[in-house]
Amino acid sequence: MECVRSGALDLGRSGNFLGKSGSTTSCGKVRCSTNLAGSTKCEQNLHGKAKPLLLSASGKARGTSGLVHRSPVLKHQHHLSVRSTSTDVCTTFDEDVKGVSSHAVEEKVGVLLLNLGGPETLNDVQPFLFNLFADPDIIRLPRLFRFLQRPLAKLISTFRAPKSKEGYASIGGGSPLRKITDEQANALKVALKSKNLEADIYVGMRYWYPFTEEAIDQIKKDKITKLVVLPLYPQYSISTSGSSIRVLQNIVKEDPYFAGLPISIIESWYQREGYVKSMADLIEKELSVFSNPEEVMIFFSAHGVPLTYVKDAGDPYRDQMEDCIALIMEELKSRGTLNDHTLAYQSRVGPVQWLKPYTDEVLVELGQKGVKSLLAVPVSFVSEHIETLEEIDMEYRELALESGIENWGRVPALGCTSSFISDLADAVVEALPSASAMATRKVKDTDSDMDMMHYLTKMFLGSVLAFFLLLSPRLVSAFRNTLQ
């Protein structure tokens with residue numbers, strides 16, 4: 001995610017450089033189911049095929065099910081009807097609502113691409129970080145202390161901006177994410193047309209321009225009659241796809257047009273054959289650059305999330321990531337590529353525990369074990385941005401070489417790789433038939449299954465501790481400067 005060199009925080013819990021081979025297929029030169037009431041549910045299939053999942057209004061699954069993740073905090077919230085298609089889990093909403101007229105109208109299909117966004121200039125960095133940390137899905141405060149969200153975001157973004165500016169300056173003074181996402185949108189439009197589907201493509205960024213709300217406004221102005229929502233995150237996480245979907249929840253509550261608009265949300269698509277094969281193609285191509293490809297360690301580096309997201313909130317991200325790696329390696333094995341591989345998580349910030357193992361620690365360990373050749377694969381990113389161009393290409397490469405790894409390579413993000421874009425187009429086509437109107441009910445605030453006061457107390461104390469630990473180095477430095 002573009003977020004973290006910035007980070008998703010749960011403040012409530014505690015050699016020879018081989019480089020890229022110059023592929024011309026990616027953009028630029030330079031990567032479960034959730035209902036609109038806020039609950040997260042996931043169905044996975046380890047063989048890459050999605051199974052139907054139908055949730056009743058009470059939230060209980062009917063039919064086949066795989067790994068189901070539920071947040072104890074989110075129980076008893078209203079669950080909308082959810083159906084899946086071959087695109088893993090497509091969320092649809094089909095309760096009785098009054099919305100789009102039932103008489104025959106000309107169908108006008110829209111596709112909304114969701115992404116994180118990133119600052120385009122150095123002056124954008126601090127306000128971008130503010131938007132990021134003001135998101136309750138990034139810094140998760142107890143309900144009683146949500147009034148601290150914006151002041152806390154202001155403090156953290158102010159303290160983190162100088163370091164973040166250095167990172168963006170090192171990759172040209174801003175994030176290329178918007179440019180690449182626009183290129184992906186154009187490529188997807190062409191791919192859909194080749195599949196006999198005319199569609200308008202919209203880009204909605206969560207934390208910078210063009211914001212999701214802007215895209216939604218344009219969709220309404222264009223009088224779209226059927227919408228497919230496609231987050232550009234292969235795996236689902238509360239802090240990525242989930243956060244953007246929450247924005248849609250809020251819009252639906254306030255706008256009758258969208259309450260009646262047939263919508264299908266493709267929440268994760270890491271298991272799609274086209275995605276898996278596209279990743280395998282890129283890995284094979286980069287392996288061929290090494291003098292001894294069979295000796296290269298394939299190093300998957302995924303964006304991390306706080307461990308509490310997975311353990312306490314039921315985030316399916318870790319399970320989906322491990323499944324994703326297994327599918328890619330299975331595809332490579334079928335082609336005769338039998339390299340060793342490992343998975344680690346990058347971009348952690350703050351004092352809380354994140355998903356392990358950590359990328360920086362694993363790189364040091366691999367060097368100590370005598371690994372000499374390594375190919376880094378940014379598996380959770382489909383566009384180049386600061387976490388690939390600066391964190392992986394600069395910070396981790398330098399660390400790897402210092403640790404004894406002599407030959408380093410990096411797989412480029414998928415970008416506009418033709419097979420990848422074609423598969424996204426197939427996903428959109430497959431999702432359209434399940435699109436139906438969305439509606440919401442009043443969400444209950446109580447949870448009889450847990451001691452809420454105990455939970456809130458623990459969250460608050462953890463938040464205070466994490467806040468001071470996060471800011472303490474700069475606070476101490478500032479205090480010392482005042483004494484000099």
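Between Glu330 and Asp255, full extension at 0.36 nm per residue minus the direct alpha carbon distance yields a gain of 22.5 nm.
For region 361-372, 3J(HN,Hα) computed residue by residue from phi via the Karplus equation (6.51, -1.76, 1.60; θ = phi - 60°) reads 5, 5, 4, 5, 5, 5, x, 5, 7, x, 5, 10 Hz, glycine and proline entered as x.
For region 212-356, compute Rh as the Kirkwood radius over C-alpha pairs and then the Stokes-Einstein diffusion coefficient at 25 °C and 0.890 mPa s; write the answer in µm²/s, rounded to an integer. Working shown, then result.
Numbers: Rh = 17.8 Å.
In µm²/s, the coefficient rounds to 138.
Take the residue pairs Lys179/Lys333; Lys108/Lys193; Lys226/Lys253; Lys189/Lys226 and return only those whose Cα atoms are more than 23 Å apart. Beyond 23 Å: Lys179/Lys333.
Rounded to the nearest Hz, the phi-derived 3J(HN,Hα) couplings of region 298-315 under the Karplus curve 6.51 cos²θ - 1.76 cosθ + 1.60 (θ = phi - 60°) are 8, 10, 7, 10, 10, 5, x, 9, x, 4, 5, 4, 7, 6, 9, 9, x, 5, where x marks glycine and proline. Heavy-atom accessible surface of Arg143, to the nearest 10 Å², is about 150 Å², with a 1.4 Å probe and all protein chains retained. Other residues within the sphere of radius under 15 Å centred on the Cβ of Asn196, judged by their own Cβ, net out at -1 (K and R +1, D and E -1). Have a look at the DSSP beta bridges in region 249-397 and tell me what percent are antiparallel, nearest 5. Roughly 10 percent of the beta bridges in region 249-397 run antiparallel, per DSSP.
The values are calculated or read from the model by the stated rules, or taken from the named source; none is laboratory data. Because the structure is a prediction, the values reported are computed rather than measured. In this analysis, Cβ positions are derived from the backbone assuming ideal geometry, glycine residues included, and neighbour counts consider all displayed protein chains. In case anyone asks, the SASA skips ligands and DNA or RNA and just uses the protein heavy atoms, side chains included. Shrake-Rupley method; radii C 1.70, N 1.55, O 1.52, S 1.80 Å.
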